[in-house]
Amino acid sequence: MYILVVGGGKVGYYLTKTLVNEGHEILLIEKNAQKVSIWRDRFGSVVLQGDGCEVTTLDQAGAGRADVVIAVTGDDEDNLVICQVAKQRFHVRKTIARVNNPKNEDIFRRLGVDVTVSQTNVIRALIEQTIPDRPLVHLLTLRHNGMEIVETTVSEDSLVVGQPLADINLPPNVVLSAILRGGEMIIPNGSSVLWAGDEVIAVAERASEAPLRRLLAGS
């Protein structure tokens, strides 16, 4: 497998080291000449100096035959451009991007990046696993004042269990956007029924979070 790693920081260095040790064909692209000199002393000819955002650099790196392009620079815009150029110009099958700002993950996916890795969201997920009884999780703060995207799980003792949404008196300024059940995402409508264990994603005004939590999580 031929893999291009773009970005010679600590993430790129250790990723390249690991992949080389596993026997993959690797090329690390880094535009900083000093870093390139250091990494060439350690990796040899598998390091190329250049800007991974530029078509000429990716062409020189043989992106046309790459199986995977991994963009791990410290700049989200650069990582997005690298993946888009790899996909659209060189038809690389798989692109992976480091996302430094977790708010950018959705736009990366919408613009065709196959896999995104956000260290912030990974750590957040680990924290949530250690606090399983946390009733309401903030996913995103919207630009509109006081609005949030939140996630919660319907508890067994919630009064909404078995009720269609049309019959549920939701708090003001709350919209249920999705129901996750058994690995399936359901876009709800008035006839959708909530069951214990359903994960619900909602857009809610901050003032409505407490009554929403009491309604769905039964607390």
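Just a few scattered comments:
- Number of positions in region 160-179 that are of a type in the set (A, V, I, L, M) and assigned to a loop (DSSP other than H, G, I, E, B): 4
- From Asp133, Asp157, residue being acidic (Asp, Glu), at pLDDT 75 or above and part of a loop (DSSP other than H, G, I, E, B): Asp157
- Subset of region 180-198 (residues that are assigned to a loop (DSSP other than H, G, I, E, B) and surrounded by fewer than 14 Cβ atoms within 10 Å (Cβ to Cβ)): Gly182, Gly183, Ile187, Asn189, Gly190, Ser191, Gly197
- Whenever a residue of region 31-49 is in the same structural domain as Gly7 (by TED's automatic domain parsing) and within 20 Å of Asp59 (Cβ to Cβ), it has no partner that is outside any helix (DSSP H, G or I) and modelled with pLDDT under 90 lying with C-beta atoms less than 8 angstrom away and at least six residues away or across chains.
The values are calculated or read from the model by the stated rules, or taken from the named source; none is laboratory data. The shown structure was predicted, so the numbers you read here are calculated from the model rather than taken from an experiment. So basically every Cβ, Gly included, is an ideal-geometry build from the backbone, and we count neighbours across all protein chains shown.
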